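K.L.:
Following this message is one structure expressed as structure tokens.
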Amino acid sequence: MNRLGTRWLTFVVAVVILTAASVAAVAAFRGGSDGGASLSLASCQPAGPQGAVVQVQLTDRGSAMMGGTAMMVSLRIDQASAPGGKVTFVATNTGALNHELLVLPVPADGPGTRPVGTDGKIDEAPSLGEASKSCGAGAGDGITPGTRSWVTVDLKPGTYELLCDIPWHYADGMFGEIVIT
């Protein structure tokens, strides 16, 4: 086997081993068959959420570190609109990476158009609220895999952008919009 073939084979074997280890770690965290500890999503939710409740799923697969391919991240909102006033956003992390949820007015050029700095993050100054505390409300260190966070904000009618600002997640497409009526 030539040198390039040997390197390619080594790379493939490393990816398979890392993937298997990651799957085992996530399964253990979520309480997989090996008896690992887990947080129950049933007990990890807001008690008495205020106003309309909007469910947001945060997920990922792949890694920008493996082979230089783009990370596949997504943010799914369970409804296109909600009534104005108090809105509780419940963000559930179904991926393998930490995520967060920010609520911002949609930029003039539309969702996904915010400038991204060299650190892979946007300017969070216009944020109206953040859910990034694992199994809790408000800001924290990121929503860990298999948990959720929530935030309640008072929104006027208009269009809002929901996004994850973990480095490079927004740039990789982890955003969506909701219309408040």
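Just so it is clear, none of the values below were taken in a lab; they were calculated from the coordinates. Owing to the predicted nature of the structure, the values given are computational and were not obtained by experimental measurement. Here Cβ is always computed from backbone atoms with ideal geometry, including for glycine, and neighbour counts include all displayed protein chains.
K.L.:
Would you kindly derive the ³J(HN,Hα) couplings of segment 111-116 from the backbone phi angles with the Karplus curve 6.51 cos²θ - 1.76 cosθ + 1.60 (θ = phi - 60°), listing them in order in whole Hz, with x for Gly and Pro?
P.N.:
Listing the rounded values in order: x, x, 10, 5, x, 10 Hz.
K.L.:
Across segment 134-151, in residue order, what do the Karplus-derived ³J(HN,Hα) couplings come to in whole Hz, using 6.51 cos²θ - 1.76 cosθ + 1.60 with θ = phi - 60° and x for Gly and Pro?
P.N.:
Karplus values, whole Hz, x for Gly and Pro: 4, 6, x, 8, x, 7, x, 9, x, 8, 6, x, x, 10, 9, 9, 8, 8.
K.L.:
Let me ask something additional. Please report Thr113, Thr118, Thr159 as a ranked list, fewest other C-beta atoms within 10 angstrom at the top and most at the bottom.
P.N.:
Thr118, Thr113, Thr159
K.L.:
Test of understanding: ordering Lys121, Lys133, Lys156 by Cβ neighbours within 10 Å, fewest first, what list do you get?
P.N.:
Lys156, Lys121, Lys133
K.L.:
A further question follows. For the residues Glu177, Glu124, what sequence is obtained by ranking on other C-beta atoms within 10 Å, fewest first?
P.N.:
Glu124, Glu177
K.L.:
Debye calculation, C-alpha points only, no solvent: report log10 I(q)/I(0) for segment 107-169 at q = 0.17 Å⁻¹, in the same order as the q values.
P.N.:
-0.68
K.L.:
Which shape class applies to segment 41-180: rounded if a/c is under 1.5, otherwise prolate when a/b exceeds b/c and oblate if not, where a ≥ b ≥ c are the square roots of the Cα gyration tensor eigenvalues?
P.N.:
Cα axes put segment 41-180 in the oblate bin.
K.L.:
Pop a pseudo-label 7 angstrom from the Cα along the beta-carbon direction at both Thr113 and Ala47 and give the gap in nm to one decimal.
P.N.:
Rounded to a tenth, the inter-label distance reads 4.4 nm.
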